[in-house]
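Every read-out reported here was derived from the displayed coordinates using simple, explicitly stated rules and does not represent laboratory data. Being a predicted model, the structure only gives us computed values, none of them experimental. A quick note on method: Cβ atoms are made from the backbone with ideal geometry, for glycine too, and the neighbour counts reach across all protein chains shown.
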Amino acid sequence: MLPLQVLKDKGYDGTSSDIWSCGVILFVLMAGYLPFDEPSLIGLYKKIWEASFSCPSWFSSGARNLIKRILDQTLLAYNYS
């Protein structure tokens, strides 16, 4: 999986990419599956680009909010650098 900034060819920022990757790992640890899953590479990139994922019903609202803020790279709050 690639962070949105890499997909948009905006270069690589280690801090924000690592935080995004930690969000993916957190989702997997809590849900047991990947947040972005698609059989085609183009479809996978589209889901990452749009931050198109849904959290399982057992996630608390706090967990949903945290993961959404980490994985949706279009949010202004995501700019950590």
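Here are the numbers:
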| item | result |
| --- | --- |
| Calculated FRET value between L29 and W49, using beta carbons and R₀ = 22 Å, to 0.05 | 0.40 |
| Stretch gain in nm, segment W58-C22, where the contour uses 0.36 nm per residue and the Cα spacing is subtracted | 11.0 nm |
